[in-house]
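*Asks:* Here you go, one structure.
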Amino acid sequence: MPAGGFSVSAPSGVEFEAKITPIVIISCIMAATGGLMFGYDVGISGGVTSMDDFLGKFFPAVLRKKQEDKESNYCKYDNQGLQLFTSSLYLAGLTATFFASYTTRRLGRRLTMLVAGVFFLVGVIFNGAAQDLAMLIVGRILLGCGVGFANQAVPLFLSEIAPTRIRGGLNILFQLNVTIGILFANLVNYGTSKIHPWGWRLSLSLAGIPAVLLTLGALFVTDTPNSLIERGRLEEGKAVLKKIRGTDNVEPEFNEIVEASRVAQEVKHPFRNLLQRRNRPQLVIAVLLQIFQQFTGINAIMFYAPVLFNTLGFKSDASLYSAVITGAVNVLSTLVSVYSVDRVGRRMLLLEAGVQMFLSQVAIAVVLGIKVTDHSDSLGHGWAIVVVVMVCTFVSSFAWSWGPLGWLIPSETFPLETRSAGQSVTVCVNLLFTFVIAQAFLSMLCHLKYAIFVFFSAWVLVMSLFVLFFLPETKNVPIEEMTERVWKQHWFWKRYMDDDNHHIVNGKITANNGASV
Ligand code: BGC
């Protein structure tokens with residue numbers, strides 16, 4: 001085993017003084033509502049696209065096919081137009097995030113959240129009032145822009161404003177909101193599927209609630225000290241730092257941010273800078289974490305839980321019911337992560353979950369492989385329960401690992417100079433692969449059948465090995481000290497750090513020879 005593969009030693013472990021102040025907690029709760037919107041959009045489409053009224057209005061061909069029911073069980077919903085409805089949001093989001101990178105850097109985290117809120121509000125109006133497919137898709141695209149801006153700004157906001165020792169837990173409030181959004185969407189769909197013919201309209205319109213929450217939240221929070229200082233507002237940054245840390249003794253942390261922002265000022269082309277050798281570890285990890293997160297297969301389950309359960313022979317109602325159960329498991333298990341991420345660390349959660357996800361997926365594949373034939377009517381009550389239970393164990397392990405950590409780790413490992421650009425690549429890759437899965441899943445299900453779960457389980461194996469060897473632990477390391485205390489100490493990644501010529505440890509800037517400067 002290569003030395004240092006499992007842990008990172010902290011050469012100097014002194015913490016900055018920071019109380020857990022009400023203003024930090026309230027700001028984080030407000031900002032995290034950006035996740036609510038993302039989750040609601042992820043959760044709502046599966047249920048809506050299995051409503052007959054919705055299909056009849058926008059996708060009559062799919063409805064006809066569904067009613068004729070001659071298709072193989074695995075192929076009922078395989079329609080590119082229908083998949084495009086779900087996917088357009090992700091395509092818009094991944095494009096928008098590059099604009100959001102500019103705004104998070106130049107206008108700040110807070111204003112970027114506000115822009116997201118406005119996109120959401122307009123998108124919801126288009127969707128709720130949709131008369132034709134075009135309006136529906138335009139609405140989804142606007143919502144996607146909101147997701148691009150929100151997912152760019154919110155995780156950065158949370159990681160920067162949080163005191164180091166609870167940074168993981170506070171950042172995960174974002175993912176907690178994502179899961180609450182998904183659950184809320186599932187519950188709404190469960191209710192609205194009984195309202196004919198406009199239940200789907202209500203489903204799409206209720207996204208207005210999270211949209212308003214985020215917009216109000218963005219109006220009330222203060223920007224992060226890091227962002228204020230990065231934009232030259234030093235005094236304001238210091239005042240905010242004192243307020244959120246609940247102490248006047250903020251000099252060491254302030255100096256550290258000032259130094260990080262001095263380096264950031266020198267960067268004229270953030271994206272080009274991101275490609276430099278010394279940013280390779282963070283970049284590779286951010287990109288791979290997103291690809292891996294999506295290749296766990298979570299969204300295959302999340303988007304299409306109702307469709308999937310329908311395919312398995314549950315009746316329409318029962319399928320939404322099962323989706324509600326997975327939604328609840330998702331929320332509760334995310335709380336496990338909020339509690340444990342700063343205690344047991346990121347790596348431990350990812351490794352444990354790897355085992356659990358792998359076993360659940362293999363079990364699902366085996367049951368489906370043996371029990372579901374192309375045209376058999378249903379799975380049988382007992383086996384159906386087994387599948388739901390396995391889906392739940394899969395979702396719970398995802399919810400305390402890849403779900404939150406896919407967002408947390410990239411937002412805390414980039415240095416300030418590349419943080420905005422890095423986060424934008426993170427969001428872009430996340431949404432790109434969310435899109436790929438959304439677009440491909442129904443066709444894959446139709447062709448691979450139960451083996452689709454074998455496919456995802458193989459990915460889980462690969463990503464767990466990656467974590468084991470290449471992912472350093474970032475728990476309890478101050479955000480502007482990652483280079484020094486994480487990357488330069490890692491058995492593999494330290495080789496990329498040789499052209500870094502400034503150190504920041506505990507607010508002191510030192511040259512390469514270790515002397516204070
Ligand atoms: C992922 C989403 C996913 C959700 C499920 C998020 O972290 O980025 O794609 O739908 O978790 O809870």
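The values are calculated or read from the model by the stated rules, or taken from the named source; none is laboratory data. These figures come from a predicted structure and were not determined experimentally. As a convention, Cβ positions derive from the backbone with ideal geometry for all residues, glycine included, and neighbour counts pool all protein chains shown. Calculation scope for accessible area: heavy atoms of the full protein, side chains included, ligands and nucleic acids excluded. Shrake-Rupley method; radii C 1.70, N 1.55, O 1.52, S 1.80 Å.
*Asks:* Round to the nearest 10 and give me the degree value, 0 to 90, for the angle of helix 451-470's Cα axis relative to the longest principal axis of the chain.
*Replies:* Once rounded, one gets 10 degrees.
*Asks:* Sticking with this one: What is the spin-label model distance, in nm, from Phe492 to Lys194 if the labels are put 7 Å beyond Cα along the C-beta direction?
*Replies:* Taking the simple label geometry, Phe492 and Lys194 are separated by 5.2 nm.
*Asks:* Relative to the present Cα-Cα distance, how much length would full extension add between Ala451 and Glu68 at 0.36 nm per residue of separation?
*Replies:* Extending this stretch completely gives an extra 135.3 nm.
*Asks:* Would you mind working out the accessible area per residue for the chain, using a 1.4 Å probe, and quoting it in Å²?
*Replies:* 36
*Asks:* Using modelled backbone amide H atoms (1.01 Å from N, in-plane), which distant-in-sequence or interchain residues come within less than 5 Å of Asp342's amide H?
*Replies:* Those qualifying (amide H under 5 Å, at least 5 residues apart or on another chain) are Gly169.
*Asks:* Using only the Cα atoms of segment 109-247, each taken as one equal point scatterer with no solvent, compute I(q) by the Debye sum, divide by I(0), and report log10 of the ratio at q = 0.14 Å⁻¹.
*Replies:* Once normalised to I(0) and log-transformed, intensities are -0.72.
*Asks:* Is the shape of segment 83-142 rounded, prolate or oblate, going by the alpha carbon gyration tensor and its root eigenvalues a ≥ b ≥ c, with a/c under 1.5 for rounded and a/b larger than b/c for prolate?
*Replies:* Because a/c hits 1.5 or more and a/b fails to exceed b/c, segment 83-142 counts as oblate.
*Asks:* Show that you can apply the helix-only estimate: for the chain, add -39,500 (n - 2.57) for every DSSP H stretch of four or more residues, divide by all residues, and state [θ] at 222 nm to the nearest 500.
*Replies:* -24000 deg cm²/dmol
*Asks:* Turning to a different aspect of this structure: In degrees between 0 and 90, to the nearest 10, how far off the longest principal axis of the chain does helix 234-245 point, with axes built from Cα atoms?
*Replies:* For 234-245 against the chain, the angle is about 70 degrees.
*Asks:* If R₀ is 60 angstrom, what is the calculated FRET efficiency for the pair Glu15 and Ala61, using the beta carbon separation as r and rounding to 0.05?
*Replies:* So, using R0 = 60 Å, E works out to roughly 0.50.
*Asks:* Another question about this same structure. Could you work out how much longer the chain between Tyr339 and Arg233 gets when fully extended? Use 0.36 nm per residue separation minus the Cα distance between them, nm to one decimal.
*Replies:* Gain on extension, Tyr339 to Arg233, equals 34.7 nm.
*Asks:* Right, another one. So what are the ³J(HN,Hα) numbers for segment 434-440, from phi and the Karplus equation (6.51, -1.76, 1.60; θ = phi - 60°), rounded to whole Hz, Gly and Pro as x?
*Replies:* 5, 4, 4, 5, 4, 6, 8
*Asks:* Further, regarding this structure: Return the tail of the calculated pair distribution for segment 248-308, meaning the percent of Cα-Cα pairs more than 20 Å apart.
*Replies:* Distances greater than 20 Å cover 58 percent of the Cα pairs.
*Asks:* Next question, about the same structure. With each pseudo-label sitting 7 Å past Cα toward Cβ, what's the Tyr102-Arg277 distance in nm, one decimal?
*Replies:* It works out to 3.2 nm between the two label points.
*Asks:* Let me ask something additional. Quantify, in whole percent, the carbon and sulfur part of the accessible surface of the chain (1.4 Å probe; protein heavy atoms only).
*Replies:* Carbon plus sulfur share of accessible area: 68 percent.
*Asks:* Enter the accessible area of Met390 (Å², nearest 10), with the probe set to 1.4 Å and all protein chains included.
*Replies:* 50
*Asks:* To continue, here is another question. Taking the 0 to 90 degree range and rounding to the nearest ten, how far is the long axis of helix 133-161 tilted relative to the main principal axis of the chain, both from C-alpha atoms?
*Replies:* For helix 133-161, the angle is close to 30 degrees.
*Asks:* Next up: Once the piece of chain linking Ile23 and Glu251 is laid out straight, how much longer is it, given 0.36 nm per residue of separation minus the C-alpha distance between them?
*Replies:* Here the segment from Ile23 to Glu251 would lengthen by 80.1 nm.
*Asks:* Need one number: nm distance between label points at Met348 and Val122, each 7 Å from Cα along Cα→Cβ, rounded to one decimal.
*Replies:* A separation of 4.7 nm, rounded to one decimal place.
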